[in-house]
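Novice: Below you'll find the structure I mean.
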């Protein structure tokens, strides 16, 4: 069976790339199609595939500025022509599912989210002023494109990473999806058996919706130590806001990240996430999560709902508004209950999201895709 994989871009190792790495392990002989590829930026297993890129690859600045090319991305992804395969698997969050696939080819889309820039996070990226108003025609076009390339003649079977994303595929694309939670590397991320050090941890890309700015503001007012791991277009702005006690490490190697998870008091998770692998990596390390109580966190974190002594049955603390005061209050509630959290229970909760579980469930969806009747767009679905 000839298999093609499709991913939006390969410029760094984030949650989507970790999912792709697991899929690449299931199909090590697959070809991989993507808009832009930076060798060495993801994993050895991904780089070992035969990788095909779009015309954007020829522009030297594309690896850093691909988001600024948003108006060109629908054109660029349609230049990825995928023909001669028995199965196409797209790991999608922006454009991947829209690659030009030969009619009649079975296509499983593993949806990380409908296009974030066009739907849920347009206000976050563009604001609500003149810039957003000027971008309105572009956003409308992106939404039409995103919806048009989600139909059954393009995507045979749709699988979502969470119930939260599943609801959005219904709302934005008019399609239901199956559910398979992403894999979490519970073998790499483990408790170290020692009491934590005196710092909190935040892990994520420096992009607007991650709300790293909110965490810095809250921890500066608390006077608590916060270690921030990540990189992205907002790094310079965040560095200007950092004060003593707030440490921005940038990207770190995996062994260092393993230590940071195991040694922190808790992971700070201020964003509304589609699923949130970092929250489960922290829990696999036995550490609680202080999370904004929206999105994927509702499916991955078991919140403290009673007095501090009930924390033995919880894996974290929620706050209900993305405001400094709400996060500060959540940190204080966590500290009141901190000694009651059970690292073994937190670890056990994360084990429900293992990579072995993902592989079994994902391959069942692959088989279901191969068994499905495929609509041929050129024949009107006949």
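Novice: Do we find a residue being in contact (Cβ under 8 Å) with a residue 40 or more places away in the chain and surrounded by fewer than 18 Cβ atoms within 10 Å (Cβ to Cβ) anywhere in the range 34-45?
Specialist: no
Novice: Select the helices (runs of 4 or more DSSP H) contained entirely in the range 131-242, then report the ones holding at least 3 residues which are surrounded by fewer than 18 Cβ atoms within 10 Å (Cβ to Cβ).
Specialist: Details: elements: 163-168, 212-222, 235-241.
Qualifying helices (runs of 4 or more DSSP H): 212-222, 235-241.
Novice: I need the full set of residues from the range 313-365 which are assigned to a loop (DSSP other than H, G, I, E, B) and more than 19 Å from residue 261 (Cα to Cα), in order please.
Specialist: Answer for the range 313-365, where residues must be assigned to a loop (DSSP other than H, G, I, E, B) and more than 19 Å from residue 261 (Cα to Cα): 320, 321, 322, 323.
Novice: If I ask for residues that are more than 16 Å from the chain's Cα centre (by Cα) and surrounded by fewer than 24 Cβ atoms within 10 Å (Cβ to Cβ), which ones from the range 253-275 would you list?
Specialist: Correct list: 253, 254, 255, 256, 257, 258, 259, 260, 262, 263, 265, 266.
Novice: Can we say residue 91 is outside the structural domain of residue 233 (by TED's automatic domain parsing), within 25 Å of residue 274 (Cβ to Cβ), touching a helix residue (DSSP H, G or I) at 6+ places or on another chain (Cβ under 8 Å) and at pLDDT 95 or above?
Specialist: yes
Novice: In addition: Output the number of residues of the range 231-250 satisfying the condition of being modelled with pLDDT under 90 and in contact with a strand residue (DSSP E or B) (Cβ under 7 Å, 6 or more places away or on another chain).
Specialist: 4
Novice: Here is a further query. Can you report the number of residues in the range 366-376 which are part of a helix (DSSP H, G or I) and either in contact with a helix residue (DSSP H, G or I) (Cβ under 6 Å, 6 or more places away or on another chain) or touching a residue at least 12 places away in the same chain (Cβ under 8 Å) (or both)?
Specialist: Here the count works out to 4.
Novice: Additional query: Return the total of residues in the range 276-303 being in contact with a strand residue (DSSP E or B) (Cβ under 8 Å, 6 or more places away or on another chain), assigned to a loop (DSSP other than H, G, I, E, B) and crowded, with 24+ Cβ neighbours inside 10 Å.
Specialist: Number of matching residues: 5.
The values are calculated or read from the model by the stated rules, or taken from the named source; none is laboratory data. Given the structure is predicted, the values throughout are model-derived calculations rather than measurements. So basically every Cβ, Gly included, is an ideal-geometry build from the backbone, and we count neighbours across all protein chains shown.
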